Amino acid sequence: MTTLIDGTYNSRDTGGMPLTGGGFTRHGVLYRSDALSTTTDAGLDAIAASPIGTIVDFRTESERAEAPNRLPSQHSFRVRELSLLEGAMTGAPAAGPSSTAGGTGAPDEETMRAMLARIPTLPVLYTAMLESAATAFAEVARVLVSPEDPDRPGVLVHCTAGKDRTGVATALLLDAAGADRAAIVADYAASERNLAGEWAERMLARARTWGVPLVPAITDLVTATPPSAMETALSWIDDRGGSASYLLDGGLAPAELDRLRERIAG
């Protein structure tokens, strides 16, 4: 897949997705991406030429400080920082005199075993995210419903990889708007292919510098987007009344929900 914004690896417009009632999601409304810190000049031109006027950044403060976004200077963008800890790619494993081997800074065997035992699977990560972030996800919906600049009403949501925090958020919004479930899951699964190669190799190399063994639990967490993970997340939402009910419980008003559906589905 060719990324929408040059210099990123996992950017795309969610328009063109089939709706359960017929038709397709609208283009130019909801975009998703990995971090915009490596955006090239051509990528900046692509953003400037798009309808994007609002950026929702799910990264933590330390992630943003480590890799600041590059945005076009010719437009003023509204940036909403909604930090979600689940899925954050920041910081090395805790290390210090009591947790390292020979004071080298690499975690000792006992510390590493304890760390690996705490690594969640992607389904567990996503359900934990949903349990704690209903208010944040409802705020994303509200941003989409009420763009500040009517001439640039598009909203781009992103995190570091654009697969976990971004994947759950876009799936939730698309599902609430009536997008086809199979298409939502396929869109999520596409991120693994998009991130394969240079991006994945760089992130895994970073984990190695922290002394983290690249066991399947680590590589999956960093690079994978198995359909079953998103299916589990959507099933968790269904068990609690569905995506629309979830967003309403998070603080979205019924009129805002109607407007969300109108914005995405037309």
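The values are calculated or read from the model by the stated rules, or taken from the named source; none is laboratory data. These numbers were taken from a predicted model, which means no experiment stands behind them. Note that we place each Cβ from the backbone using ideal geometry, even for glycine, and neighbour counts take in every protein chain shown. Accessible surface areas use protein heavy atoms only, side chains included; no ligands, DNA or RNA. Shrake-Rupley method; radii C 1.70, N 1.55, O 1.52, S 1.80 Å.
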Legend entry - Matching residues in the stretch 150-163 - criterion: being closer than 27 Å to Tyr9 by Cβ and either of a type outside the set (D, E, K, R) or surrounded by fewer than 18 Cβ atoms within 10 Å (Cβ to Cβ) (or both): Pro153, Gly154, Val155, Leu156, Val157, His158, Cys159, Thr160, Ala161, Gly162
Inset, instruction - Kindly list the number of the only condition in (1) touching a residue at least 40 places away in the same chain (Cβ under 8 Å); (2) open to solvent by 60 Å² or more (accessible area, probe 1.4 Å); (3) under 18 Å from the mean Cα position of the chain (by Cα) that fails for Thr225. - result: (2)
Inset, instruction - Evaluate the following for Thr127: is it hydroxyl-bearing (Ser, Thr, Tyr) and either at pLDDT below 95 or touching an Asp or Glu at 6+ places or on another chain (Cβ under 9 Å) (or both)? - result: no
Inset, instruction - Look through Leu214, Leu252, Leu204 and report the one residue that is assigned to a loop (DSSP other than H, G, I, E, B), farther than 28 Å from Glu139 by Cβ and not aromatic (Phe, Trp, Tyr). - result: Leu214
Inset, instruction - Determine the pairs where a residue that is in a helix (DSSP H, G or I), located within the stretch 38-67, has a partner that is among the polar types (S, T, N, Q) with Cβ atoms under 7 Å apart, the partner being 6 or more residues away or on another chain. - result: Gly43/Thr8; Ala48/Gln74; Glu61/Ser83; Ser62/Thr90; Glu63/Thr90; Glu63/Thr160; Glu66/Thr90
Inset, instruction - Take Ala207 and decide whether it is modelled with pLDDT of 95 or more and closer than 29 Å to Thr3 by Cα. - result: no
Legend entry - Selected residue [among the small types (Gly, Ala, Ser), at pLDDT 95 or above and open to solvent by less than 30 Å² (accessible area, probe 1.4 Å)] from Ala42, Ala65, Ala49, Ala35: Ala35
